[in-house]
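Report on one structure; see the data block that follows.
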Amino acid sequence: MARIIGGIGSSHVPTIGVAYDKNKQDHPAWAPLFKGFEPAFKWLEEKKPDVLIVFYNDHLNAFFYDLYPTFAVGVAEQYDVADEGAGRRPLPMLPGHPGLARHIAEQLVNDEFDLSVFQDRPLDHGVFSPLPLLWPHDDKWPGAVIPIEVNVVQYPLPTAMRCFKLGQALRRAVESYPEDLTVAVVGTGGLSHQIHGERTGFNNTEWDIRFIDLIEKDPMTLARMKHVDYIRLGGAESVEVIMWLAMRGALSDDITKVHQNYYLATTTAMTVLVFEENDPAADTGRTAIRTGNPQLEGASEIEGTYVFDIQTATKRINLNRFFWNMKNPEFRATFSADEAAACRKAGLTPEETRMVAERDWIGLVRYGANFFVLEKFARLVGETNLEVYAEMRGETFEEFLATRQVPDAR
């Protein structure tokens, strides 16, 4: 079974990445920060976790206000680096762990955390500012990352207590995963800072040190605090430290703080903490191994039914996007002009291209196309939903309509 070996709390200030890319590791003003991350780097080097689960917030680079999820789990095979306005940073693509990520999403939803899942969205400095200071990455990263996005940008935010409980649920999900994996959990953000309004530049070192003590010894005090408390004590943007509570919730009470570094370099108190589980295997066996979605047990036995789940969405995202794009007039025109060329341009496989050309509706559904994108394709090629239904049932249109209440429908 998978097990959590420890947790890291880390600031994700974008200037960390800027200084790193400009090779300022030995600059007198930056050395205290970079030196402070070295023990965390060495701890990960020694423990060699297979997966880092990173709680982060997106800074309006992959999500926007039209759709900004409270919680969202990345389930992709890999993640790119977001271009935040100055070009893509020179870092390798970041591997994901789709198997564990899907399991976490399924178990958290069944634990009544109604989160979203995402693919094909880049990760910004919420992940990539601290990560190069924690993992080697000359050619590739040494493990996989599962990003969990938390809304700390647009109110209402999840409460501090909700984040703590999310971490507890995450621990249960990880420990129920059957594969033998070691996992470290990272909470990012903070500490004290404010970067808007007349209060810009606000810091509170006394509160930061108190927070560091409480996150280790008394996280429930932090979990009971309101957002306004964090704003008052640490500055408006410091409320993002509720993501540290998600990390702390994923740890047991039997931990040791093996490293701490605090450095107020610019406008944010840049901090890194490392907590180690004293006995990572202590809870082994207490959580039952679970596979799949318990809400769907037995669904595969229902004849003629093909459940569209995260695994299918991940595996068939390219084909489903192909049909989804048919909502755009330009894409429809391109397809209508040369179907085969449109399929090639979209990167469809020969089998996918065949099913498109033959209008093999049932084959597409069995393969993993979702009907709600298929109906866009049907409209483009002049078939109604009712006609598609009939073909999927292996009936003529007239035979299908004879089973309905409106046999003259078209």
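Below, the figures for the structure above:
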| read-out | value |
| --- | --- |
| The stretch 237-269, residues that are in contact with a Phe, Trp or Tyr (Cβ under 8 Å, 6 or more places away or on another chain) and at pLDDT below 95 | Ala265, Ala269 |
| Residues (farther than 22 Å from Ser11 by Cβ, of a type in the set (D, E, K, R) and either modelled with pLDDT of 95 or more or not in a loop (DSSP other than H, G, I, E, B) (or both)) located in the stretch 116-132 | Arg121 |
| Within the stretch 1-115, helices (runs of 4 or more DSSP H) holding 3 or more residues that are among the hydrophobic types (A, V, I, L, M, F, W, C) and out of contact with any Ser or Thr (no Cβ under 9 Å at 6 or more places or on another chain) | 31-47, 98-110 |
| Residue list for the stretch 235-266, filter: over 26 Å from Gln194 (Cα atoms), among the β-branched types (Val, Ile, Thr) and touching a residue at least 24 places away in the same chain (Cβ under 8 Å) | Ile255, Val258 |
| Residue count, the stretch 251-304 (criterion: of a type in the set (Val, Ile, Thr) and either under 24 Å from the mean Cα position of the chain (by Cα) or in a strand (DSSP E or B) (or both)) | 9 |
| Residue list for the stretch 17-34, filter: more than 17 Å from Gln260 (Cα to Cα) and in contact with a helix residue (DSSP H, G or I) (Cβ under 7 Å, 6 or more places away or on another chain) | Gly17, Tyr20, Gln25 |
| Hey, Gly143 touching an Asp or Glu at 6+ places or on another chain (Cβ under 7 Å), modelled with pLDDT of 95 or more, open to solvent by less than 10 Å² (accessible area, probe 1.4 Å) and at negative phi or not | no |
| Given (1) over 26 Å from the mean Cα position of the chain (by Cα); (2) open to solvent by 10 Å² or more (accessible area, probe 1.4 Å), number of the condition Glu240 does not satisfy | (1) |
| Conditions (1) in the same structural domain as Val152 (by the TED database); (2) hydrophobic (A, V, I, L, M, F, W, C); (3) under 21 Å from Tyr177 (Cα atoms): number failed by Val258 | (3) |
| Matching residues in the stretch 198-219 - criterion: being surrounded by 14 or more Cβ atoms within 10 Å (Cβ to Cβ) and either among the aliphatic types (A, V, I, L, M) or over 27 Å from the mean Cα position of the chain (by Cα) (or both) | Phe202, Asn203, Asn204, Trp207, Asp208, Ile209, Arg210, Ile212, Leu214, Ile215 |
| Pair list, Cβ < 9 Å and 6+ apart or interchain, from the stretch 287-303 residues that are assigned by the TED database to the domain that holds Arg102 to residues that are part of a helix (DSSP H, G or I) and loosely packed, with under 10 Cβ neighbours inside 10 Å | none |
| Single condition Met225 does not satisfy, out of (1) modelled with pLDDT under 95; (2) of a type in the set (A, V, I, L, M, F, W, C); (3) more than 27 Å from Asp124 (Cα to Cα); (4) assigned by the TED database to the domain that holds Ala29 | (1) |
| Qualifying residue in the stretch 181-191 (condition: more than 20 Å from the chain's Cα centre (by Cα) and surrounded by 17 or more Cβ atoms within 10 Å (Cβ to Cβ)) | yes |
| Among the candidates Glu149, Glu112, residue that is of a type in the set (D, E, K, R), assigned by the TED database to the domain that holds Ile16 and open to solvent by less than 10 Å² (accessible area, probe 1.4 Å) | Glu149 |
| Any pair with Cβ under 9 angstrom, 6 or more apart, that starts in the stretch 55-68 at a residue that is free of Cβ contacts under 8 Å to residues at least 12 places away in the same chain and ends at one that is in a strand (DSSP E or B) and open to solvent by 20 Å² or more (accessible area, probe 1.4 Å) | Leu67/Ser116 |
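The values are calculated or read from the model by the stated rules, or taken from the named source; none is laboratory data. If you're wondering where the values come from, they're calculated on a predicted model, not measured in any experiment. Don't worry about glycine lacking a Cβ; one is built from the backbone with ideal geometry, like all the others, and counts go over all protein chains shown. Areas reflect the complete protein model, heavy atoms only, side chains present, ligands, DNA and RNA absent. Shrake-Rupley method; radii C 1.70, N 1.55, O 1.52, S 1.80 Å.
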